[in-house]
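Undergrad: Just dropping this structure here.
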Amino acid sequence: MTWLAAVAVLLTSSSAPPRPVLVLPPEALDAPQEYGWVSETVSDLLPRSLSAAGVLAVDRADRLRAQEALEVPALVPLTRATSIRIGEVLGATQLVTGSFRMDGRNITLSLRLLDTERGTLSSPFVASGPIETLSDVVHRLGWDLALASSPLPPLSRQDFLARRAGLPFEALRAYGNGLVTRVAPLKVKRLSRAVSLAPNDAHLRLALGRMLLESGEATKAYDTLAHVAPESPAWRSATFVRGRALLAVGRYREAADLYSRMAAQDPTAGVLTNHALALLRAGSKDVKASQILRSALDLDPGSADGAFNLAWALFFEGDAAAAEVELRALLRREPLDGHVRLILAWALFKQGKTAEAQEEWKGVVAMAPSYAGLTTPDPSRRFERLATSERPLVVQRAARTKAEVIAGLLGRVERLTASGDTAGALQELVRAAYLDPHAPRVHLLLARTHRARGENEQALNEFRMSLWSEDDPAVRAEMAVLLKELGRLAEARREAEKVLTLDPDNSVAKKVLEGSPSGG
């Protein structure tokens with residue numbers, strides 16, 4: 001039984017599901033630059049060895065997906081706190097961490113098992129050998145870690161060792177260099193070389209297929225993965241990606257059939273999601289996509305993407321009222337999601353709730369201005385969110401108050417402004433102003449941003465909006481300075497005098513009055 005099947009069975013049982021083990025890239029200790037590919041390669045090989053020993057282990061692709069969800073860059077050293085957070089997202093409470101050293105052509109791996117629930121760190125598990133035997137070194141450590149992290153493996157050590165990858169070193173090195181390459185064409189080239197050197201290795205094909213799909217070469221990805229044998233441990237993952245490739249090239253009915261067969265074997269949330277969306281794209285009338293998506297959401301109830309997909313399907317199946325219910329609940333969790341607001345506006349228009357729809361449209365313009373012209377529902381936009389993996393991510397986002405959301409936006413505004421991106425800052429401020437049109441600080445920052453962009457009339461309007469919400473002498477003095485710069489001296493003088501009435505020692509207002517004509 002695969003780990004996916006085991007998780008699916010345990011999700012429906014009364015006992016707690018087993019927690020997977022998360023393997024982190026080991027730190028390179030004084031290793032020459034030419035071995036920069038080793039850390040990511042170990043983090044890719046070791047989960048396979050743990051799985052062969054019967055241990056639930058997170059594969060590298062899912063670890064990177066969790067990092068992306070947490071906005072943690074790939075290929076950077078991870079702190080202990082960040083590593084634990086990644087583990088939480090993946091439901092892992094046991095983490096494999098450690099380091100490696102090079103002594104000439106000899107590598108020594110030293111790994112520890114961190115149990116975040118118990119707060120314990122094991123003694124190091126150490127193995128070494130020539131770099132050319134890296135896959136064997138990792139596999140041996142896999143057995144030791146399996147014994148320490150779970151019940152006894154369901155096979156003998158001899159049988160386990162016989163399941164080692166056995167990759168030619170040149171293929172492994174090409175593969176490792178492909179993993180750490182950031183430039184997509186070069187990454188494809190290196191992974192392709194690895195596959196050419198070891199054409200029967202399913203994991204190499206899986207990595208290349210994923211990369212080809214990400215690079216927009218869906219047909220090549222499908223063909224690459226079609227050669228993965230059904231008996232391979234990577235077959236199901238490869239089949240899942242093949243389904244995504246079919247969806248990418250518009251072969252919706254074939255994708256629906258593929259995911260239907262996968263669901264019959266093991267109905268995971270990811271498979272059910274893509275099966276439903278394939279049916280929706282194919283225009284199937286036999287089965288309602290929303291029914292399948294409800295089942296997917298039952299398996300992954302915290303998924304915002306799952307909730308959005310259900311609302312999307314309900315809307316295009318003609319149930320705008322049910323879609324509205326789902327979207328309003330989702331909007332409380334994701335107030336900045338422009339797609340949610342857009343589909344909600346469509347659902348309201350369809351029900352004849354014109355006033356509510358028009359009010360919601362203001363949110364569309366604020367959150368997703370590029371969609372301001374999409375007043376007519378357009379299913380070809382493909383807003384639905386395909387699953388990229390079968391493993392759910394548990395990204396816990398506590399419900400935030402409006403003030404907390406706005407505070408987050410203003411923090412982003414400060415960073416964008418500091419980097420000189422006034423256009424980006426303005427967009428975030430517009431979103432904040434929509435969420436709270438009476439927030440004086442939001443209007444003050446809008447005024448300053450417009451002023452930095454040379455949009456002085458807009459700046460004056462925002463200064464006035466800020467003062468309408470809260471009469472702050474410092475803000476009024478700032479507006480007086482702008483009026484004086486624009487040559488509107490009488491107005492500037494009136495505003496400065498108002499400031500001095502409230503704050504007689506205000507130096508900015510006094511400076512405005514210097515040289516300004518008296519009277520109206």
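Undergrad: Step by step: first the residues of the range 25-34, then only those that are in contact (Cβ under 8 Å) with a residue 24 or more places away in the chain, surrounded by fewer than 19 Cβ atoms within 10 Å (Cβ to Cβ) and not charged (D, E, K, R), then the one that is nearest to Ala61 (Cα to Cα). Which residue is that?
TA: Going through the qualifying residues, I end up with Ala28.
Undergrad: Sort through Val126, Val180 and tell me the only one that's in the same structural domain as Ala57 (by TED's automatic domain parsing), of a type in the set (A, V, I, L, M) and either in contact with an Asp or Glu (Cβ under 7 Å, 6 or more places away or on another chain) or farther than 23 Å from Ile84 by Cβ (or both). Walk me through it before giving the result.
TA: Working: Val180 fails: in the same structural domain as Ala57 (by TED's automatic domain parsing).
Only one candidate passes the filter, namely Val126.
Undergrad: Which residues, taken from the range 263-314, are assigned to a loop (DSSP other than H, G, I, E, B) and touching a residue at least 60 places away in the same chain (Cβ under 8 Å)?
TA: Restricting attention to the range 263-314, the residues satisfying the condition of being assigned to a loop (DSSP other than H, G, I, E, B) are 266-268, 283-288, 300-303.
Within the range 263-314, Asp266, Pro267, Thr268, Asp300, Gly302, Ser303 qualify.
Undergrad: While we're looking at this one, here's another question. Inside the range 197-256, can you point out the residues that are more than 20 Å from Lys187 (Cα to Cα), in contact with a Lys or Arg (Cβ under 8 Å, 6 or more places away or on another chain) and of a type in the set (Phe, Trp, Tyr)?
TA: Of everything in the range 197-256, just one residue is more than 20 Å from Lys187 (Cα to Cα), in contact with a Lys or Arg (Cβ under 8 Å, 6 or more places away or on another chain) and of a type in the set (Phe, Trp, Tyr), namely Tyr252.
Conditions (1) at pLDDT below 95; (2) closer than 15 Å to Arg391 by Cα, marked per residue:
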residue: Leu225; (1), (2): no, no
residue: Val249; (1), (2): no, no
residue: Leu272; (1), (2): no, yes
residue: Ala278; (1), (2): no, no
residue: Val287; (1), (2): yes, no
residue: Ser303; (1), (2): yes, yes
residue: Phe308; (1), (2): no, no
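Undergrad: Something else about it: For the range 470-487, give me the residue count where each residue is more than 23 Å from Thr417 (Cα to Cα) and surrounded by fewer than 15 Cβ atoms within 10 Å (Cβ to Cβ).
TA: 4
Undergrad: Consider the range 26-79. How many of its residues are charged (D, E, K, R), more than 24 Å from Leu208 (Cβ to Cβ) and within 24 Å of the chain's Cα centre (by Cα)?
TA: 1
Undergrad: If a residue has to be in contact with a helix residue (DSSP H, G or I) (Cβ under 7 Å, 6 or more places away or on another chain) and under 25 Å from Val58 (Cβ atoms) to count, how many in the range 249-266 make the cut?
TA: Total meeting the criteria: 5.
Undergrad: A further question on this structure: For the range 159-205, give me the residue count where each residue is under 27 Å from the mean Cα position of the chain (by Cα), within 13 Å of Leu45 (Cβ to Cβ) and without any contact (Cβ under 8 Å) to a residue 60 or more places away in the chain.
TA: Qualifying residue count for the region: 1.
Undergrad: Has the range 64-86 got at least one residue that is part of a loop (DSSP other than H, G, I, E, B), closer than 27 Å to Arg163 by Cα and touching a Ser or Thr at 6+ places or on another chain (Cβ under 8 Å)? Working first, answer last.
TA: Step one: filter the range 64-86 for residues part of a loop (DSSP other than H, G, I, E, B), giving 70-79.
Still in the running and closer than 27 Å to Arg163 by Cα: none.
No: the range 64-86 contains no residue that is part of a loop (DSSP other than H, G, I, E, B), closer than 27 Å to Arg163 by Cα and touching a Ser or Thr at 6+ places or on another chain (Cβ under 8 Å).
Undergrad: Hey, does the range 512-519 have a residue that's surrounded by fewer than 17 Cβ atoms within 10 Å (Cβ to Cβ) and under 47 Å from the mean Cα position of the chain (by Cα)?
TA: No, there is no match, as no residue in the range 512-519 is surrounded by fewer than 17 Cβ atoms within 10 Å (Cβ to Cβ) and under 47 Å from the mean Cα position of the chain (by Cα).
Undergrad: Moving on. Report whether or not Val138 is buried (at least 18 other Cβ atoms within 10 Å of the Cβ) and more than 26 Å from Ala31 (Cβ to Cβ). Break it down stepwise before answering.
TA: Working: buried (at least 18 other Cβ atoms within 10 Å of the Cβ): yes; more than 26 Å from Ala31 (Cβ to Cβ): no.
So Val138 does not fit the description; no.
Undergrad: Kindly indicate which of Val413, Val481 is in contact with a Leu (Cβ under 9 Å, 6 or more places away or on another chain) and β-branched (Val, Ile, Thr).
TA: On the way: Val481 fails: in contact with a Leu (Cβ under 9 Å, 6 or more places away or on another chain).
After applying the criteria, what remains is Val413.
Undergrad: I need the full set of residues from the range 213-234 which are within 20 Å of Leu167 (Cβ to Cβ) and crowded, with 23+ Cβ neighbours inside 10 Å, in order please. Please lay out each step first, then the result.
TA: So in the range 213-234, the residues within 20 Å of Leu167 (Cβ to Cβ) come out as 224-225, 227-229, 231-234.
The answer is Thr224, Leu225, Val228.
Undergrad: Further question: What's the total number of residues in the range 116-154 that are closer than 15 Å to Arg48 by Cα and part of a loop (DSSP other than H, G, I, E, B)?
TA: Of the residues in that region, 1 qualify.
The values are calculated or read from the model by the stated rules, or taken from the named source; none is laboratory data. As the structure is a computational prediction, the values presented were derived from the model and not from experiment. Positions of Cβ are backbone-derived with ideal geometry, glycine not excepted, and every protein chain shown enters the neighbour counts.
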